[in-house]
Structures are given as structure tokens and as C-alpha cells.
Amino acid sequence: MEWRRTETPIEQTAVDAIILFQTEEKEGVSEFVKKVDEAIEHRISVLISEGEITGKYCELTAIHNWGKIPAKRAIVLGLGAEEKISLDRLKNVVATAARYAKNKGLKQLALGCPTWLSERFTAVDVIQSLVEGMELGVYQHPSYKQKEESSKQIESIWLSLQDVSDSAVKTGIERGKVYAHATNYARMLTHEPANFLTPHKMVQHARQIAEKRGLSIEVLNKEKLQELGMGGLLAVSQGSSQEPYMIALTYKGAPESAETLGYVGKGLTFDNGGLQIKPANYMYGMNEDMGGAAAVLGAMDAIGALKPHTNVVAVIPTCENAINGEAFRPGDVITSYSGKTIEIHHTDAEGRVVLADGITYAKRLGATKLVDIATLTGAVIIALGHESAGLMSNDSAFGQAVKKAAHVAGERVWELPMYEEYEEHIKSDIADVKNDDGSKAGTIQGGLFLREFADGTPWVHLDIAGSGEAMREKGIHVKGATGAGTRTLIQLAMV
Ligand code: BES
Ligand code: ZN
Ligand code: ZN
């Protein structure tokens with residue numbers, strides 16, 4: 001989609017549809033809609049008085065203009081109650097319109113911005129939200145049908161803006177596009193079937209991003225993992241014919257600084273549970289067990305484009321949890337890259353075992369603050385559903401920084417406690433730690449295990465097993481992979 005700015009008032013733009021906003025609980029048309037309403041013989045007012053347009057959040061009404069103004073249609077979007085308006089709501093509203101316009105085959109759109117929006121928020125933030133929301137809204141998961149249904153595309157969108165500087169428009173458009181495209185990329189990767197997106201394919205994706213953005217890349221193959229003693233990643237992958245890899249991408253935007261953010265993403269291209277195999281209905285969808293890795297790759301793509309003044313190292317342990325005669329067993333004791341020994345109590349708690357090595361590797365590559373992101377536990381879905389990620393941290397200031405980044409990016413996170421009483425759940429009689437003990441506090445147990453490997457370095461864990469998937473199409477979300485965490489990780493690096 002091509003984004004351009006115009007100072008032409010929206011009622012004078014010649015496009016397939018102009019997009020207007022109406023708030024709820026307003027008597028008559030809002031100030032912003034007035035001029036268009038007058039030009040089209042008060043049809044909007046009539047629909048409001050008849051109760052068809054209410055301004056309810058995400059309501060969409062399309063009106064044909066029959067030559068009264070240059071645009072063929074006006075799409076009136078409900079913004080909801082004025083006091084509830086937020087940038088997140090704005091994104092959901094415009095995403096709904098973008099999906100509608102795309103499905104109807106509308107190619108040229110114009111979008112205005114009510115002045116009071118820019119009174120409440122900065123112009124850059126509003127423009128970013130409009131662009132981001134629409135770019136997220138038009139996303140469709142790829143399909144593998146022989147005959148691809150002809151996919152309709154919106155070609156261009158005019159932003160009808162007065163009294164906003166060109167530089168604000170340019171920055172808003174760039175950020176909106178970059179944040180959305182990174183998320184869409186993460187969604188696309190996560191959606192890929194496991195026979196398409198193998199660990200080796202993941203490496204190819206990382207290489208493409210490194211090349212496109214001028215990042216340095218290091219890929220450790222099985223031989224190298226053995227040489228370095230990455231026992232966690234090796235153990236989890238040993239029951240699969242797919243070779244495991246540890247990928248590291250480095251962005252150096254502040255070479256003079258000793259601070260480096262470390263992002264570690266779980267990259268299980270399939271998780272059948274290992275010897276303690278998953279029941280059939282829980283196994284479906286486990287191609288998405290690399291959502292954390294996808295978010296990290298998407299974020300690195302965006303960071304490489306936006307070039308913030310900071311350093312980031314991204315680490316992705318990628319493999320498959322499968323079963324052959326070599327598969328790791330419950331009761332096995334393995335030595336992780338950190339040197340800490342791990343008792344395997346459950347082969348389906350594999351994510352934390354590969355992340356243990358990923359976290360240690362990120363630290364050895366210079367990370368001074370760590371965020372790991374993973375589809376780690378089914379338990380987080382019980383706790384928070386699909387609406388929020390679970391967050392845990394060993395450092396309240398850094399935890400706060402990640403929460404703030406998530407809030408600004410419009411992603412939900414909710415902190416879970418790490419009371420010392422929970423610590424018994426990772427205690428092993430024969431090794432330094434145990435990967436599971438059947439605790440009901442499954443998400444916290446996973447977080448506590450990972451904290452051992454951060455070992456004092458400020459660290460945040462994001463469990464996206466729930467937020468990584470949307471149950472239905474709604475607002476910015478399509479059904480399925482959401483790309484959760486991508487925008488939080490970008491935002492955190494934007495200093
Ligand atoms: N990949 C799963 C977690 C998951 C569940 C992701 C549902 C997405 C949707 C993870 O590896 C897993 O199997 N975790 C176990 C841990 C348990 C055995 C301690 C779980 O949550 O049941
Ligand atoms: Zn598992
Ligand atoms: Zn898993």
C-alpha cells in the first residue's frame with residue numbers, strides 16, 4: 001500500500017472511498033463529518049437520526065455518494081465513546097475499515113484525521129496508528145491452494161491532513177509501516193506449516209534479514225553446538241531428523257555503549273511433546289511453537305530499518321521436539337551451555353531447555369539486559385486467555401521498562417509473581433534444576449527455571465502461548481498467529 005499526504009480536504013478527494021470517524025453519544029454528526037455530510041445532502045445525519053449510525057466502537061457504515069462528491073463512497077467508522085478513545089482503539093477501528101475496503105476491491109482510499117485526535121495525542125503517534133492499524137488489518141495468512149483466489153489489494157491511501165508538518169507525516173508513516181510489516185512477517189512465519197518452516201528454513205530467514213538490514217549473523221550447526229557444549233538445545237533436538245541451530249543476529253547502533261539488549265526467542269518449529277507425547281488435540285497447532293523466534297526476527301528487521309541508537313543481540317535456538325530412538329528421556333540429566341545441570345522431568349517442557357542455552361549464549365555475546373519470548377506454557381492460556389502475555393522479571397526497573405514498551409506498542413502483558421515459595425518447583429534431587437515438577441503454577445514454574453539462566457542479569461520473560469494466537473478475526477487481529485511481542489520488542493529498542 002502506498003501512503004501519501006494531501007492537504008486537499010477529504011470531501012474533495014477523488015478516491016474509491018473516504019474514511020470518516022464518528023464518536024458515540026454525540027448528537028448529530030461530529031464536527032469532522034459535517035462538511036462531507038452537507039455535500040452528500042445530509043445522508044449521514046439521516047442515518048444517525050434513524051439509529052443506523054451510532055458511532056459504536058468498530059461500527060462500519062458504507063454510503064454511496066452517487067456523484068455528490070468526487071469520492072464514490074464514504075465509510076463512516078464508529079470510534080466509540082470519546083473518553084475511551086485510545087491509539088489502540090484507533091488502530092482496531094481503521095483495521096476493520098482496511099479489511100472491508102480490501103474485500104470490496106477498493107483501490108484508492110482517503111483518510112482524514114479529526115483535529116481533536118491530534119490535540120490529545122501527538123501527530124506522529126496518530127499517523128503511526130492509522131498506518132499501522134490499516135497495514136495490520138489487510139494482512140492475510142498465506143494459503144497453499146493450487147489455485148490461489150485472486151487477492152484484492154488496496155493500492156494507495158491519501159492522508160488528508162492540515163496543519164501537520166511534513167516531517168511528522170513522514171515519521172508517522174514510516175513507523176506505522178515498519179511496525180506493521182514486522183508484525184505481519186512474524187505472523188506469516190508463525191503460520192507456516194512445520195514441513196515448510198524447518199529449523200534450516202528459519203536460518204535462511206535470519207540470513208535474509210541480516211543481509212537486508214546489514215546485521216551480522218552467526219549460525220551454529222550441530223557440530224558447533226557439540227563443540228561448545230550446548231547440551232540443552234542438543235538434548236531437545238536429538239529425537240528429530242531436523243538439524244538444530246543456534247542463530248545470533250547483532251545490531252550495533254551504539255558502538256560506544258557497553259549496554260546491549262539481548263532478545264531470545266523460542267524457535268521450536270514443531271513440538272510433539274517428545275516421549276511424553278502430546279494428546280492429538282493438543283498437538284495440532286504446534287507448528288506455531290516458534291512464535292517467539294518469529295517476533296524476535298520481525299523486531300530485528302524493524303530495528304535494522306529504524307536504526308535506533310542502541311545495541312541489540314538476537315538469539316534463536318531452533319529445532320524440533322520429535323521422537324525417534326534417540327529422543328531425550330524423562331529422567332535424563334543434561335549439562336546446559338551454562339554448565340548448570342538439568343533434570344528432565346517432562347520432555348514436553350522443552351522450550352525452557354533450549355532457551356536456557358539461548359539465554360547463556362546471549363549473555364556471552366554481551367547482552368546486559370535480557371528478554372526471552374516464548375510460547376512456553378499452556379498454563380498461561382488458563383491464566384490470561386488469549387488477551388495478554390504473561391510477564392516475569394528479576395529486575396523491577398527493567399520489568400517496568402518492558403511493560404511500558406508493551407503499553408506504548410499496544411500489546412498487553414501481565415506480571416505474575418515469583419514468590420520464593422514457588423522455588424521448590426525447580427528443585428531437583430540429582431541436578432542443579434528440574435525442568436518441571438507438575439506444579440499447577442505452570443507458567444511461573446517455567447519463568448523460575450529461566451531465571452536461573454539469566455543468573456543475575458536483568459531479565460524479562462514473556463510467555464506468549466496465549467497472546468500469540470487469536471481465536472477469531474477482530475480489529476487488528478486475524479484468526480491465528482498474531483505476531484505477539486514483535487512491536488513490544490521494537491518499541492523497547494527505540495531509545
Ligand atoms: N509449546 C508448549 C506450550 C503451548 C501450549 C504453546 C499451548 C501454545 C499452546 C510447551 O512446550 C509445552 O508443552 N508446555 C507444557 C509444559 C508442561 C509439560 C510442564 C504445558 O504447558 O503443558
Ligand atoms: Zn512442549
Ligand atoms: Zn513447546
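Among the residues making up the range 475-495, a single one is over 15 Å from the mean Cα position of the chain (by Cα) and not β-branched (Val, Ile, Thr): 494. Residues that are outside any helix (DSSP H, G or I) and touching a strand residue (DSSP E or B) at 6+ places or on another chain (Cβ under 9 Å) were ranked within the range 26-43; the one that is modelled with the highest pLDDT is 40. Within the range 185-203, residues that are of a type outside the set (A, V, I, L, M, F, W, C) reach partners that are in a helix (DSSP H, G or I) with beta carbons closer than 7 Å, at six or more positions or on different chains, in the pairs 185/298; 185/301; 190/288; 190/291; 190/294; 192/287; 193/287. Evaluated against (1) modelled with pLDDT under 90; (2) open to solvent by less than 10 Å² (accessible area, probe 1.4 Å); (3) aromatic (Phe, Trp, Tyr), residue 66 falls short on exactly one condition, (2). Against the numbered list (1) surrounded by fewer than 24 Cβ atoms within 10 Å (Cβ to Cβ); (2) small (Gly, Ala, Ser); (3) within 16 Å of ligand 1 (Cβ to nearest atom), residue 292 comes up short only at (1). Taking the conditions (1) farther than 17 Å from residue 219 by Cβ; (2) away from ligand 3 (no atom under 16 Å from the Cβ); (3) crowded, with 20+ Cβ neighbours inside 10 Å in turn, residue 274 satisfies each one other than (2).
Just to verify a result, which residue in the range 316-366, among those that are polar (S, T, N, Q) and either in a loop (DSSP other than H, G, I, E, B) or at pLDDT below 95 (or both), is farthest from ligand 1 (Cβ to nearest atom)? So, considering only residues that are polar (S, T, N, Q) and either in a loop (DSSP other than H, G, I, E, B) or at pLDDT below 95 (or both), the one farthest from ligand 1 (Cβ to nearest atom) is 338. On the given criteria, is residue 25 surrounded by fewer than 20 Cβ atoms within 10 Å (Cβ to Cβ), of a type outside the set (Lys, Arg) and under 23 Å from residue 95 (Cα atoms)? It is true that residue 25 is surrounded by fewer than 20 Cβ atoms within 10 Å (Cβ to Cβ), of a type outside the set (Lys, Arg) and under 23 Å from residue 95 (Cα atoms).
Restricted to strands (runs of 3 or more DSSP E) entirely inside the range 44-133, those with at least 1 residues that are touching a Leu at 6+ places or on another chain (Cβ under 8 Å) and closer than 15 Å to residue 1 by Cβ are 108-112. In the range 316-371, of all residues being open to solvent by less than 20 Å² (accessible area, probe 1.4 Å) and among the hydroxyl-bearing types (Ser, Thr, Tyr), the one that is nearest to residue 241 (Cα to Cα) corresponds to 318.
The values are calculated or read from the model by the stated rules, or taken from the named source; none is laboratory data. Just so we're clear, the structure is a prediction, and the values are computed from it rather than from any experiment. Neighbour counts run over all protein chains shown; Cβ positions are idealised from the backbone, glycine included. We work out accessible area using only protein heavy atoms, side chains counted, and drop any ligands, DNA or RNA first. Shrake-Rupley method; radii C 1.70, N 1.55, O 1.52, S 1.80 Å.
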